[in-house]
Amino acid sequence: TAPEKECGKSLLLTLIGKLVARPITSSNISPAALFRAIDAWTPTLLIDEADTFMRDNEELRGLLNSGHTRDSAYVVRAVGETFQPTKFSTWGAKAISGIGHIADTLMSRAIVFELRRKLPHEKVDRLRQAEQYVFNDLRAKLARFADDCREEVRLARPPLPQSLGDRQQDNWEPLLTIAMTAGNEWLSIGTTAALKISGSESATHTIGTELLSDIKEIFEEKQLERITMAELVKALC
């Protein structure tokens, strides 16, 4: 996510797409196409421009929410002329990119990178100038690691930072499991990243909880028993 355009969201999705298994990138997708594509191709789904079509799409949000845990990652639809009930999988890796925040239920199920524009004095190498063989080699090594260490990853139980909420621990556990299997300092690097990205107290609160907390703080600071709506709104702002 980012507050405005030209923060590198699409570029980040492009980079992810060069490293993952069976990437499919889409700047718009319907609910029916979503679960049918996942069930047919088991892709890594890369969704761009989410702010343009996902914000008020409750059905699409429900499908994406269902794919957060393997046991619940299914939808049932009537198919064909006989309306045969058919089970479709929604399980698989997904990356979603857009301006601003999407629904809280999706944000809470995600590891959120908050991007910003490059400052005038900052210099970066251009991704399009990178040699393709670099990504081919990395992708091959990742695939080999997945094959060689599948059982070790399945059995690994990494220590999870207690300062993260339950949902954030769920989000980070697969990555920390891989980091633990990779060995050396990778678990430490992964844990530091988890705390940096998802460890703030506000990240685990809903907007409603934050609002109630701020109202409580106003009453305590001003030593009030009651307040008018106009005064409360002014104090919150």
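For this structure, a couple of remarks:
- Looking across I24, I16, one residue alone is of a type in the set (A, V, I, L, M), over 15 Å from the mean Cα position of the chain (by Cα) and not in a loop (DSSP other than H, G, I, E, B). It is I24.
- Of everything listed in (1) open to solvent by 60 Å² or more (accessible area, probe 1.4 Å); (2) closer than 23 Å to T44 by Cα; (3) assigned to a loop (DSSP other than H, G, I, E, B); (4) at pLDDT 90 or above, the single unmet condition for E81 is (2).
- Number of the condition not met by K234 [criteria: (1) assigned to a helix (DSSP H, G or I); (2) under 23 Å from M107 (Cα atoms)]: (2)
- Given (1) open to solvent by 70 Å² or more (accessible area, probe 1.4 Å); (2) closer than 18 Å to H101 by Cβ; (3) not small (G, A, S), number of the condition T25 does not satisfy: (2)
- Residue under evaluation K5, criteria (1) open to solvent by 70 Å² or more (accessible area, probe 1.4 Å); (2) in a helix (DSSP H, G or I), criterion not met: (2)
- Within region 45-78, being assigned to a helix (DSSP H, G or I), among the charged types (D, E, K, R), farther than 13 Å from P31 by Cβ and within 15 Å of the chain's Cα centre (by Cα) holds for one residue alone: D51.
- Region 1-27 residues that are under 18 Å from P43 (Cα atoms), paired with ones that are acidic (D, E) and open to solvent by 70 Å² or more (accessible area, probe 1.4 Å) (beta carbon under 8 Å, 6 or more apart): S27/E49
The values are calculated or read from the model by the stated rules, or taken from the named source; none is laboratory data. Remember, predicted model here, so these are calculated numbers, not experimental data. Reconstructed Cβ throughout: ideal geometry from the backbone, glycine too, with neighbour counts over all protein chains shown. Note: areas computed on protein heavy atoms with side chains; ligands, DNA, RNA excluded. Shrake-Rupley method; radii C 1.70, N 1.55, O 1.52, S 1.80 Å.
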